[in-house]
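Below is one structure; the comments refer to it alone.
The values are calculated or read from the model by the stated rules, or taken from the named source; none is laboratory data. This is a predicted model, so every value here is computed, not measured. Cβ placement follows ideal geometry from the backbone for every residue including glycine, while neighbour counts extend to all protein chains displayed.
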């Protein structure tokens, strides 16, 4: 399938052929959900923690004698039923990450790319380079294109000036092709790829 290629000034410079098996498959919502959940699980800190009975400061003495008081028997003031006591079955420090096969991850990325192409939200640039690292200049370029939120993916590396200029713009992010991922693609309205990015992605997903 052919799509138009534009320069940084929003002028058409030609066309490029996109691989159907990467940009033209039927997007699968179930696979996208699995990959997004996998990505978000990896990002979770997992530092939530409550104290067990052995970690609570306090006496180990039995609160009162076993029999004759009329109260329920108690063994420790640090037990869960006591004020200031332990939390039973509380969260512990752990990793939330889980495995996902490479084939499913690749299919998820293909589905995300194909979804953007199908929606008409895939834009191809010849290259994304700026002479100066000025946010004002990049803001004008983005305004001319009419992008509100956009993920810009370049080839092996992102132009340093372009990357610096994009840092101060809300919902405008730039990544190298190796950083292309389902969550970020779906989290932006527009997906902007350079010709170098398309070459790298098609090699990666071939």
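Answer yes or no: is there a residue in the stretch 32-41 that is outside any helix (DSSP H, G or I), at pLDDT 95 or above and either out of contact with any strand residue (DSSP E or B) (no Cβ under 7 Å at 6 or more places or on another chain) or surrounded by 14 or more Cβ atoms within 10 Å (Cβ to Cβ) (or both). Don't jump to the end; show me each part of the working.
At the first step, the residues of the stretch 32-41 found to be outside any helix (DSSP H, G or I) are none.
Taking every residue of the stretch 32-41 in turn, none turns out to be outside any helix (DSSP H, G or I), at pLDDT 95 or above and either out of contact with any strand residue (DSSP E or B) (no Cβ under 7 Å at 6 or more places or on another chain) or surrounded by 14 or more Cβ atoms within 10 Å (Cβ to Cβ) (or both).
The single condition from (1) assigned to a loop (DSSP other than H, G, I, E, B); (2) not assigned by TED's automatic domain parsing to the domain that holds residue 115 that residue 54 fails is (1).
Among the residues making up the stretch 182-199, those that are in contact with a strand residue (DSSP E or B) (Cβ under 8 Å, 6 or more places away or on another chain) and either in contact (Cβ under 8 Å) with a residue 60 or more places away in the chain or surrounded by fewer than 19 Cβ atoms within 10 Å (Cβ to Cβ) (or both) are 184, 185, 187, 189, 190, 191, 192, 193, 194, 195, 198.
Taking the options 35, 3, 22, name whichever one is in contact (Cβ under 8 Å) with a residue 12 or more places away in the chain, within 24 Å of residue 192 (Cβ to Cβ) and within 18 Å of the chain's Cα centre (by Cα). Spell out how you get there, then give the answer.
Details: 3 fails: within 18 Å of the chain's Cα centre (by Cα); 22 fails: within 18 Å of the chain's Cα centre (by Cα).
Result of the check over 35, 3, 22: 35.
Note on the stretch 186-205: residues that are under 18 Å from the mean Cα position of the chain (by Cα) and over 22 Å from residue 161 (Cα atoms) total 4. In this structure, is residue 103 closer than 20 Å to residue 180 by Cβ and free of Cβ contacts under 8 Å to residues at least 24 places away in the same chain? So residue 103 fits the description; yes. Apart from one condition, residue 98 fits all of (1) surrounded by 10 or more Cβ atoms within 10 Å (Cβ to Cβ); (2) farther than 21 Å from residue 205 by Cβ; (3) touching a residue at least 40 places away in the same chain (Cβ under 8 Å); the exception is (1).
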